[in-house]
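The next block holds one structure in the form of structure tokens; read it before the comments.
Read-outs throughout are calculated quantities, based only on the coordinates presented, and are distinct from any laboratory measurement. All of these numbers come straight from a predicted model, not from anything done at the bench. So basically every Cβ, Gly included, is an ideal-geometry build from the backbone, and we count neighbours across all protein chains shown.
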Amino acid sequence: MLVPILLHLWLVYQLAVNIPYIDDYTFLLDCLHWQLPDLTLTDYLKQLFYPHGEHVILFARLTVLADYWIEGSLNFRTLFFIGNLTFLGTVWLLVRLARRSGIQPLYLLPVTLFLFQPQSYENTTTWAICALQHLPALFFAFLAFDLISRPSERAFLLSLPVAFLAVFSNGNGLITLGVGFLVVLALKNRFRLIVWLGFMAVCLGLYLYIHHQSHSPAIGTNLTHPVRVLVGFFLMVGSIGLVFTRSLAVLSAIGFAITALSGLVVITGVYQLLDRAKRLSYLPAQVHRFFDRSLAANTSFLVLTACFLYTVLTLFSISFARSLGWYNSLLLPRFIWFATIAFAVGYLLILLWFKPSYRPLVGRVALLIGLLINGFSYGFGLGEVTYTRQLHLSDITNWQDDKILVSLPANTRQLDHFYSDILAVAQQKGVYKLPQPLSTFALDTKAVSTSLSNVVAKDSSFLLGDRQIRYLTIETGLLKSAAFSDKEVYLVARSARHRFIWPVNQSYTKLAPYLMTGKADWGAAMVWVFDDQVPLDSYQISLAWSEKGDWHIAPTTQSIKLGTQL
């Protein structure tokens, strides 16, 4: 059971890069704000609770502030490690709930296989703000539900600050209040019900006040598209199957099946918990044959039900907020993580729902599914993570040489200068220290004696939003040769005045380009260049790669005209 966890942590250690990515730049702005003299406690509280879009990210900002004070500058790798610690906390909590119900450790192996795989890399490895929003908020919500269910009044009172962190650490945090209310209601404790209602009133009042004061954006008129939202919800629930298929119809069918099966388990189980078992007599006899009637005394089932409900409501709220419905963008890695959590919790609920004699069969089926998901995710999806890491490393080199960034929003250039200005000021003020670049190439890179030709097999361009993208297809046979096989390769473009470096995307799935454009027919090896940020010039093309810690560069006889007149 520890192998998937240790492999995941090793990948985070190897692949996480200390550089901001898109929304992460808000953390640099926070640190710059905290450098201002004579800040009062009120100033700190305003900044900590200030919404990021529609999200209040209290825990994320507290973590950033603590890291800035302790390390002296912001370290994004540290933020990833803290986020992943809360991920481990969530898994520990699920395992604890299962063991408390008598589930054997062997049956918990599928849970680690479902969760510790690179399909959700944005939350764990490449996007710090996601690591500090999605992972901790879910952990705090699950922990709050567990504390509410315990007989100790001290544990219940401790659930209030934990739930407060869940509410104000992500945009979907308010779901914690509603699900927590249902748990308290199921426990039939009048004191806890009164306290929780008061806590809800305080949180809702503070939430409305924060958003009113900050004029945060409205979600929109998504109620006018209920079918799109519902179909989008099923698509998101089934997105765990993205490692097997890109068919939106198949993924939605998977999501519907998961929702229907889990719904049956939850509804019948909750009826047991509420002493309404007589109503279950209307179910077919086959259901009673498998159904474990001891659930009425199982508080772990109640907590896991709350965790499952919180997760699926989160998926529904994402579908509602984005108003995309049947659309590729709902399959983003940061959202797939919630689907895998729902799948894992649903599996535990099914284990508890079945009589103990049927659990070995359920466990074997889940183990097979877990091995397939984990194996396919590592076999076909790991390239997406390494390519994103290459983008970040390219950012470091390109920023040092020409003050440009390449890991930017692919469909707009409106924020290019904004992010560049923030990064420049953050370094000037000592808020952030740029890591060492990949290589200085001119000084410490070993040149390969043989020169290559026709590295770029195809040169084309297209518009994505308001951005001009050059799409360079690299000669596939070249990268399959012994010199480049299984290596992270970069395209180097040099002119008399400039030098840029871009990663060669060798990912098997090309998931990111697919989600952004809806196209699936990308070349086996390709480079995306944001042509609108490159100075117009003729560039000599080379390929660079690392081998045993040494950087090598293979010059070519090919030159390409890149860029626009800046």
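For the reader, a short list of remarks on this structure follows.
- Sequentially through the range 379-394, phi angles give Karplus couplings (6.51, -1.76, 1.60; θ = phi - 60°) of x, 10, x, 5, x, 5, 5, 5, 5, 5, 4, 4, 4, 5, 5, 5 Hz, Gly and Pro residues having no value and appearing as x.
- Peptide ranges 461-472, 534-545, 337-348, 39-50 listed from the most packed, as the mean C-beta count within 10 angstrom indicates: 337-348, 534-545, 461-472, 39-50
- Calculated semi-axes √(5λ) of the Cα gyration tensor in Å (choose from (i) 45, 28, 20; (ii) 145, 31, 19; (iii) 38, 28, 23), label: (i)
- The range 31-91 and the range 519-566 have Cα centres lying 36 Å from one another.
- The residue 202 and residue 401 beta-carbon pair, evaluated with R₀ = 45 Å, returns a calculated FRET efficiency of approximately 0.30.
- Stretching the chain fully between residue 459 and residue 496 yields a gain of 11.2 nm (0.36 nm per residue, less the alpha carbon separation).
- Net +/- balance of residues flanking residue 93 in space, Cβ distance below 14 Å, scoring K and R +1, D and E -1: +3
- Counted charge near residue 144, where neighbours are those whose Cβ lies closer than 13 Å (Asp, Glu -1; Lys, Arg +1): +1
- Burial order of peptide ranges 225-232, 99-106 (average beta-carbon count within 10 Å, highest first): 225-232, 99-106
- Degrees, to the nearest 10: 153-167 long Cα axis against longest axis of the chain: 30
- Per-peptide packing, taken as the mean over residues of other Cβ atoms within 10 Å, places 258-267, 388-397, 178-187 in the sequence 388-397, 178-187, 258-267 from highest down.
- With Cα atoms, 0 to 90° folded angle of helix 2-15 axis to the chain main axis: 30
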